[in-house]
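What follows is a single structure, written as structure tokens, with notes after it.
The values are calculated or read from the model by the stated rules, or taken from the named source; none is laboratory data. Because the structure is a prediction, the values reported are computed rather than measured. Here the Cβ positions follow ideal geometry from the backbone for every residue, glycine too, while neighbour counts run over all protein chains shown. The accessibility values were calculated without ligands, DNA or RNA, using every heavy atom of the protein model including side chains. Shrake-Rupley method; radii C 1.70, N 1.55, O 1.52, S 1.80 Å.
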Amino acid sequence: MSRFAKRFAELKAQDKKAFIPFTLLGFPTVETSKGILKTLIDAKPAALELGFPFSDPVADGPVIQAAVTETLANGYKLPHAFESIAYARSLDADIPIGVLVYYNTILSEGADAFFQQLKNTGADACLIADLPPEEAEEVKPSADLAGIELIFIVSPLTSADRFASFSQYAGAFLYVVSRLGITGTEARYDSRLQELIGTIRQHSDLPLCVGFGISTPEHIQQMKVVGFDGMITGSRIIQVIEEEAKGNGSLADYLATMMQSV
Amino acid sequence: MKTLGKFGRFGGCYAPESLMPALEELEAAFLDIQNDDAFQAEFHDLLQHYAGRPTAMYHAKNLSQQLGGAQIWFKREDLLHGGAHKTNNAIGQALLAKRMGKSRLIAETGAGQHGVATAMAGAMMGMPTEIYMGAIDVKRQAPNVLRMELLGAKVNAVESGGKTLKDAINDAMRDWIANTHNTHYLIGTVAGPHPFPQMVKYFHQVIGIEARQQIIAQAGRLPDAVLACVGGGSNAIGIFQGFMDDTDVKLIGVEPAGHGVHTDFHGAVLAKGTFGVLQGMKSLMLQTDDGQVLNTHSISAGLDYPSVGPEHAYLQEIGRASYVSATDEEALEGFKIVSRSEGILPALESSHALWEAIRLAPTLPKDTILLVNLSGRGDKDLATVREALGG
């Protein structure tokens, strides 16, 4: 049983939901990012979602784009991402770790080598932001060979007949976007979410985690009511890290608040 | 998707899931209009009476005589309404958007020519239009910013990344992802996810179709080579398309070498790029060895792009087209020579292709024909030229 499957089964048995924080690997610098990973793991979230910085993240909003630009300017290179994943794994042997990557990063390494390094450093699953299921065959054999599950995105516009193409590739959980658009803190959820869950459930038994615009305990409450198994917070964490660096608030406190609400 | 729009190992549809339904819808509409008489009639009527097609084919006799070798001919896309070939595609996609029930247009622009073309189409068809333009380009192409605003478009200066064309495309895509229900993203070059490379080529193939008929009628035969500048590569694909099956006609694309292809300041993607995925497509691109996309440099904002349309990468790979480059200095020299000899101020983008023709002509027999796509007019570049010439 994979770490994700095991963790979601445990949560279900306890009637709990998953809180999954996201941060960018190497942000804002390779050194400080390690402290951030430790803070995240110390908060005991259900899982981690870790992003590989890519210069042109079209599926992400301005917060993450700016964070990537800063990280690259601070000297980040690809080996730093793998080192950071290995560090996170060294802190917690059981926490499921998913990574978010743009396809060009995988191509720069070669798919076989990329997924093997993910596995070697202790990651469990991988979401490729710009690889739709139509093209997933290009990486699926490499991911399978290494034992890395692929995570896919479902949007409120994803039609029922597209789910069929997901199911043969998808693992870990389905990442449901709460609204049309890019990542960010704006909480303007799509009115079709409840309906969407019903449609997905006819095609997949994977846990459903929602992201985009989840930044407060109230948002988590709302998404629990809608029926999601987990909630992913990304852009807001990047902002909290930036604010903490300026002496405002603390990431540990923010994570504790979010954890309480799940 | 009916197809994935591959050109050999290039092209494809590498887009976030949130865009896939919109791309499927667009592909269906694009396939539909190709056999729709009413759409074709309206499109060609607008190309003729609004945009001014066919554009002229001109034998640059002074220039040819001065160089003492091959005969140089210009396909005068600079005479198209708006001042560049971009209008073909803007009208085509705006009509398609309207037919799909979209009420709003967005576009990226580098030099501003595609932004102007989209703003014109938006104004003419009554569709609110927003243009994304890198903050650096907003400054260096100020006259085109004013033109877009006068045409009623909103111009958003993009402050992220390198603040040029690539970053404008990122922000336009982000807008589209959030607003696919009412918005069409009118991409200005033969790049991006399928079906854009095929669709933009389709709307620009009129350049090549006309050019082939005209050169046969006026010169009595096909050209020996067709030359065009290549940034994303839309004008080049448009004219190449007319001669694709004429295997004796050489197709030559000219990339921006900036300060030189051996420096860090150029945009010669086909010469120096490596395989990757950017902005929805597989193509060649300028990138670090760990896959971060590099910023480019060219004196012409319209060629300042770190990747290239996937079909060009394919044409190079199969050997059907060849690609060379011209530096900023060489493009300026081409600009000056053509201005003086023919009384035509070419765009700095087009001046890259003109330079290659000027370089080749003296080495070739007098009955050789070089056809250059003069893709745009140079009025927008006056400030850049003045600065470069030290005025």
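Observations on the structure shown:
- Looking only at residues in the stretch A:96-123 that are open to solvent by 10 Å² or more (accessible area, probe 1.4 Å) and under 27 Å from A:THR158 (Cα atoms), the one that is nearest to the other protein chains (Cβ to nearest Cβ) is A:LEU107.
- For the stretch A:75-124, a residue qualifies if it is touching a Pro at 6+ places or on another chain (Cβ under 7 Å) and within 24 Å of B:GLN279 (Cα to Cα), and the qualifying residues are A:TYR76, A:TYR102.
- Answer from B:GLY101, B:GLY122, B:GLY92, B:GLY115 - the residue that is in a loop (DSSP other than H, G, I, E, B) and either farther than 18 Å from B:ALA51 by Cα or of a type outside the set (D, E, K, R) (or both): B:GLY101
- When the stretch A:8-24 is filtered for residues that are open to solvent by less than 90 Å² (accessible area, probe 1.4 Å) and among the acidic types (Asp, Glu), only A:GLU10 remains.
- Residue count for the stretch B:30-73 under the criterion of being within 23 Å of the chain's Cα centre (by Cα) and of a type in the set (A, V, I, L, M): the result is 9.
- The sole residue among B:HIS266, B:HIS181, B:HIS259 that is open to solvent by 10 Å² or more (accessible area, probe 1.4 Å), farther than 20 Å from B:PHE74 by Cα and in contact with a Pro (Cβ under 7 Å, 6 or more places away or on another chain) is B:HIS266.
- Of the helices (runs of 4 or more DSSP H) entirely within the stretch B:284-368, none holds at least 1 residues that are out of contact with any strand residue (DSSP E or B) (no Cβ under 9 Å at 6 or more places or on another chain), at pLDDT below 95 and within 14 Å of chain A (Cβ to nearest Cβ).
- Apart from one condition, A:GLY61 fits all of (1) at pLDDT below 95; (2) open to solvent by 30 Å² or more (accessible area, probe 1.4 Å); the exception is (2).
- Search result, residues across the stretch A:31-70 that are β-branched (Val, Ile, Thr) and more than 29 Å from B:ILE169 (Cβ to Cβ): A:THR32, A:ILE36, A:THR39, A:ILE41
- Scope the stretch A:162-188; condition touching a Gly at 6+ places or on another chain (Cβ under 7 Å) and of a type outside the set (Asp, Glu); matching residues: A:ALA172, A:PHE173, A:TYR175, A:VAL177, A:SER178, A:ARG179, A:ILE182, A:THR183, A:GLY184, A:THR185, A:ALA187, A:ARG188
- Helices (runs of 4 or more DSSP H) contained in the stretch B:171-277 and holding at least 2 residues at pLDDT below 95 and within 14 Å of another protein chain (Cβ to nearest Cβ): none
- Of the residues making up the stretch B:160-170, those that are within 10 Å of chain A (Cβ to nearest Cβ) and within 20 Å of B:ALA119 (Cα to Cα) are B:LYS166, B:ASP167, B:ILE169, B:ASN170.
- Matching residues in the stretch A:150-193 - criterion: being more than 24 Å from A:SER235 (Cα to Cα), in contact (Cβ under 8 Å) with a residue 24 or more places away in the chain and open to solvent by 40 Å² or more (accessible area, probe 1.4 Å): A:ALA160, A:ALA164, A:SER167
- Among (1) part of a helix (DSSP H, G or I); (2) β-branched (Val, Ile, Thr); (3) without any contact (Cβ under 8 Å) to a residue 60 or more places away in the chain - the single one B:VAL155 does not satisfy: (1)
- Residues that are crowded, with 24+ Cβ neighbours inside 10 Å and in contact with a strand residue (DSSP E or B) (Cβ under 6 Å, 6 or more places away or on another chain), drawn from the stretch B:376-391: B:GLY376
- Residue match in the stretch A:245-254 (condition: more than 14 Å from every other protein chain (Cβ to nearest Cβ), crowded, with 21+ Cβ neighbours inside 10 Å, within 20 Å of A:GLY61 (Cβ to Cβ) and aromatic (Phe, Trp, Tyr)): yes
- If you go through the stretch B:312-331 and keep only what is open to solvent by less than 20 Å² (accessible area, probe 1.4 Å) and more than 15 Å from B:VAL261 (Cβ to Cβ), you end up with B:HIS312, B:ALA313, B:LEU315, B:ALA321.
- Candidates B:LEU146, B:LEU151, filtered to the one that is exposed (fewer than 15 other Cβ atoms within 10 Å of the Cβ), within 22 Å of the chain's Cα centre (by Cα) and modelled with pLDDT of 95 or more: B:LEU146
- Checked against (1) within 13 Å of chain B (Cβ to nearest Cβ); (2) within 13 Å of the chain's Cα centre (by Cα), A:PHE173 meets all criteria but (1).
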